[in-house]
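J.: Starting off with a structure, shown below.
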């Protein structure tokens, strides 16, 4: 499907600079831009590519001032990255959408399905499950007994949701994610054998939550493990029993959060961060990648780094000296020699 | 379903203090306790909540001495946490249990199934597989050819068990776990291309093993990868080919163990710990979260921390100084200046 | 099935030393060698086991000189490990191979299947998917719309490949891996809510790539996430959107690579390594296990370690001093005292 620069400018309410009839039929990144594609320039680091790009159309910020000639047609908008996001969404929504019930699938006779639902082949919907309107359940997904999924949520292929868990509206759960597996709870008996503590709680995802591929969120021992409104979790993350993830908190891939930890809203975690159990983290705290967090965080909005994690500036200062340690050690030993010479004099 | 405090006390052989007719119909944590629920107090850190809880019944240790009035009915038992575990199990066992063969499922004609087995829809049971009595195989699980699963084990939705692996009795494997995928073995040929080393061994889980969601246990190159009796592995763990995990060893989420490493019994690993290959770890060793272990551990029962991991006390002492490094560096430089002044005098 | 030492020597073009009629019916590791098995000695560390092994046949290097008597029959070959790999492959190829279409499976009427394809029960093959010759798609695998899988590739049970992704020939993808899930891209709107950036790119695996169990490779925001020819990725790895993994690069389990990072060819990463986004890593770089890499690497072939990762030798030198820090701190404080005494004199 071909679009003219002028048509795109109209969607975005932007201004065309160059040929309004330039055609695009694809998107591309500016550093690898292909002919007949649309690209964008938001990060000034990538400006050099705009002067040589083969793309026909480039979205740029209103205040962009080129230093050389540009052969592509420009579309000026207030925020090039947001304009791109708008176009990508426009494109995505123009794609054919899955609907209907593919066969064979397993839908328990007591389950209730809303309007315009998609159920892929080999999907399983258990006893008394409630599926809202416009929900998409891809092939081989497992929806346990008594699970509730609210309107417009997307459950990708092979997602497993254990019995009783609740998924709010507009959620997206990527392939292979597991929601509601047992929390990791054992108590040693007299002989030292670990006896399982039954896990009878549930998982609640509030609305607008996105869960990455193969991420695991354990059910609560009692009560609820909660991921609150608008939180976004990347792939391969571990959320243990009774954890509470605050609204709009964002976690990069492979983060792990141990049992009963409460995380505030609008926190950000880099990849592979680990939090111990029973901690409290206030709002807007940031953890650098691979941080290991053994204690509760006191200060709202603080940034931490390291394992164990400390204030990021303190970590950086100490790490600079860590790299010099062999030199410093030599320096100390020479000083000591000098000192001995002095005291022996 | 409602229970009276007196009925619960009878199950637990505990003593009621307060109204024996108090009704409970749910469990709750003491810090979020709900009306008509039963809760417990084991960790003294949570004692403050008992004086304000809305729960009707609280399990407490025999020796608990309240400092103020408590409105809830108490049940005194020797160990409140264990008593809770008993009640949770009682509750779980009272729930309806899955049985029977759902359709469509795929059971190879040569497979042998025990009594009272559950096979969920879209589960696959391969050639010559042997499934014991009371085994539960949830929907979309894959049981490869020649796999053996002994009595009472539970295989949750979407678990994949490759051909030839053996699962002991009373095991629990959570959704998405993969048992018996190929070990990671390659040898470069003359041109530098990696040639795959075929992995012809198997995985053995002994009895009473629990495996978390999306955990992966690779088959042996030759011989067996073994997880021994009563070991408990949390979610998203990687166990490589030919690893041997000792009896009652416990691993928190996202631990990784490289090939051929032998881990003793009753070891404990915090989250995100990594062990290199071909190591030996004696019994009862503990690794703090995020430890990285490049060498075999010598001392039974030692606790290690850090990456690379060292004795936990040594790590803690060194890390205290690490945080002071910028100050110490200033101190050294001032001392050096002073020294130069002296030697120049 | 029994083989004589002489038959094996013929396959390998090796020389028999001992009884050419010794029978083997299994493989074993030299340290746990079983009767009637074939084992090998490649690593001199394991030489001691050859003098007591119960195995009937041992593959040894041509230049191996025994120090004592050996009861097993030896087969001398130029490279014992490669000879073993050859035998393992010979064994594996002698096993019955899966073929045919099991029922029930879901193959969209527009999908095109090559010759000698295996499609397991409950596998799903979407609209316009193209499956090459000799491809094996195990039970419960999901092949989305427009996916292309070239000849001889193996897709194990429960793998999920999202729409539009391309898998080259001779690839192996292990159970539970997810190829083509959405990249993790969000932009906050005026109110601070995260708005999803639609991910419209794809994933390309070039030929001869192996992907481990439960590993996740996200689709590109625009364009392609690429894993190049002959790269090998272990289990539970995270590859984010628009990453480019170079040819023959090898990653151990639980590695994470953030968005848009470009990794050269023949790089090696230990377990649990993490790379930040938008980095460049030149060819043949090695990262020690658990390294955390916040910046691009400048030097081809360098080895790095630590979090943040630095040159491995520098890290090792600094870490030796880190362990001595408490002693060094005492030393400094004593020196300072001495100095004060001197300056006060």
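Values quoted throughout were computed directly from the atomic coordinates according to the rules given, and no laboratory measurement underlies them. Just so we're clear, the structure is a prediction, and the values are computed from it rather than from any experiment. Glycine gets a Cβ as well: all are built from the backbone with ideal geometry, and neighbour counts include every protein chain shown.
J.: Starting with the highest mean, order B:131-142, A:34-45 by the number of other Cβ atoms within 10 Å, averaged over the residues of each peptide. Before the final figure, lay out each step's value.
T.: Numbers: B:131-142: 25.3, A:34-45: 18.6.
Highest-to-lowest ranking by the protection proxy: B:131-142, A:34-45.
J.: Take the alpha carbon atoms of segment A:327-341, find their center, do the same for segment B:121-155, and report the distance between the two centers in whole angstrom.
T.: Going from one Cα centre to the other spans 69 Å.
J.: I would also like to ask the following. Would you mind telling me the antiparallel percentage of the DSSP bridges in segment B:100-311, rounded to 5? Walk me through the intermediate numbers first.
T.: Values: 5 of 62 bridges.
In segment B:100-311, approximately 10 percent of DSSP beta bridges are antiparallel ones.
J.: Does the protein assembly as shown classify as rounded, prolate or oblate by the C-alpha gyration tensor (a ≥ b ≥ c root eigenvalues; a/c under 1.5 gives rounded; else a/b over b/c gives prolate, otherwise oblate)? Can you show the working numbers first?
T.: Details: a/c = 1.06, a/b = 1.06, b/c = 1.00.
The shape class here is rounded.
J.: From a point 7 Å beyond the Cα of residue A:2 in the direction of its Cβ, which residues of segment A:16-37 have a backbone N at a distance under 16 Å?
T.: Within reach of a label on residue A:2, which here means backbone N under 16 Å from a point 7 Å along Cα→Cβ, segment A:16-37 contributes A:19-27, A:35-37.
J.: Could you grab the relative contact order for segment A:154-201? Cα pairs under 8 Å, six or more apart, rounded to a whole percent. Write out the running numbers ahead of the final one.
T.: Numbers: 58 pairs, mean separation 15.4, N = 48.
Dividing the mean separation by the residue count of segment A:154-201 yields 32 percent.
J.: Follow-up. Considering every residue in B:144-156, what mean count of other chain Cβ atoms within 10 Å of its Cβ is obtained?
T.: Numbers: counts 5, 3, 0, 0, 0, 0, 0, 0, 0, 0, 0, 0, 7.
Across the residues of B:144-156, the mean count of other-chain Cβ atoms within 10 Å is 1.
J.: Considering every residue in A:267-273, what mean count of other chain Cβ atoms within 10 Å of its Cβ is obtained?
T.: Values: counts 0, 0, 0, 7, 11, 13, 3.
Mean shielding by partner chains, rounded to a whole number: 5.
J.: Quick check: from the Cα gyration tensor, does segment B:197-290 come out rounded (a/c under 1.5), prolate or oblate? The partial results should precede the final answer.
T.: Values: a/c = 1.41, a/b = 1.37, b/c = 1.03.
Because its axes are fairly even, with a/c under 1.5, segment B:197-290 counts as rounded.
J.: Turning to a different aspect of this structure: How far, in nm to one decimal, is residue C:112 from itself in the other copies if the label point is set 7 angstrom along Cα toward Cβ? Shortest first, please.
T.: Label point to label point, same position, other copies: 4.7, 4.7 nm.
J.: Between the label point of residue C:336 and that of the same position in each other copy, find the distances and list them shortest first in nm, with every label point placed 7 Å from Cα along the Cα-to-C-beta direction.
T.: Those separations, rounded to one decimal, come out as 1.6, 1.6 nm.
J.: Now for a different question. First measure r as the distance between the Cβ atoms of residue C:47 and residue C:317, then evaluate 1/(1 + (r/R0)^6) with R0 = 41 Å and state the FRET efficiency to the nearest 0.05. Walk me through the intermediate numbers first.
T.: Working: r = 33 Å, r/R0 = 0.82.
So the FRET efficiency works out to roughly 0.75.
J.: Taking Cα pairs under 8 Å and at least six residues apart, what relative contact order does segment B:3-94 come out at, in percent?
T.: 27 percent
J.: While we're on this one: Sort shortest first the distances from residue A:296 to its counterpart in every other copy, using label points 7 Å along the Cα-to-beta-carbon line, and give them in nm.
T.: Shortest to longest, the spacings are 4.4, 4.4 nm.
J.: Right, here's the next one. Averaged across A:230-242, how many Cβ atoms of other chains sit within 10 Å of each residue's Cβ atom?
T.: Numbers: counts 5, 1, 5, 1, 10, 16, 13, 5, 12, 2, 5, 0, 2.
Partner-chain Cβ atoms within 10 Å, mean over residues of A:230-242: 6.
J.: Would you compute, for the Cα atoms of segment B:55-179, the largest minus smallest coordinate along each principal axis and list the three values in descending order, in whole Å?
T.: Extents along the principal axes: 66, 25, 24 Å.
J.: Given the DSSP H assignment, sum -39500 (n - 2.57) over each helix run of at least 4 residues in the protein assembly as shown and divide by its residue total; what's the result at 222 nm in deg cm²/dmol, nearest 500? Display every interim value, and only then the final one.
T.: On the way: 9 runs with 168 residues, N = 1035.
So the helix-based figure for the protein assembly as shown works out to -5500 deg cm²/dmol.
J.: Taking square-rooted eigenvalues a ≥ b ≥ c of the alpha carbon gyration tensor, is chain B rounded, prolate or oblate, where a/c under 1.5 means rounded and, failing that, a/b exceeding b/c means prolate? The partial results should precede the final answer.
T.: Working: a/c = 2.91, a/b = 1.07, b/c = 2.72.
It comes out oblate by the Cα gyration axes.
J.: Hey, how many Å between the Cα centroid of segment A:270-288 and the Cα centroid of segment C:1-54?
T.: For segment A:270-288 versus segment C:1-54, the Cα centre distance is 53 Å.
J.: Take every Cα pair under 8 Å in chain A that's 6+ residues apart, average their separations, divide by the length, and report that relative contact order as a whole percent. The partial results should precede the final answer.
T.: Details: 959 pairs, mean separation 21.3, N = 345.
Answer for chain A is 6 percent.
J.: If each residue of separation counts as 0.36 nm, what is the full-extension length gain between residue B:229 and residue B:115 once their alpha-carbon separation is subtracted? Walk me through the intermediate numbers first.
T.: Values: separation 114, 0.36 × 114 = 41.04 nm, distance 2.39 nm.
Contour length minus Cα-Cα distance gives 38.7 nm.
J.: Okay, next question. Please arrange C:278, B:174, A:163 by counting, for each residue, the other beta carbons lying within 10 Å of its beta carbon, fewest first. Before the final figure, lay out each step's value.
T.: Values: C:278 14, B:174 30, A:163 17.
In increasing order of surrounding Cβ atoms, one gets C:278, A:163, B:174.
J.: Under a crude label model (7 Å from the Cα following the beta-carbon direction), how far is residue B:68 from residue A:10 in nanometres?
T.: It is 7.0 nm.
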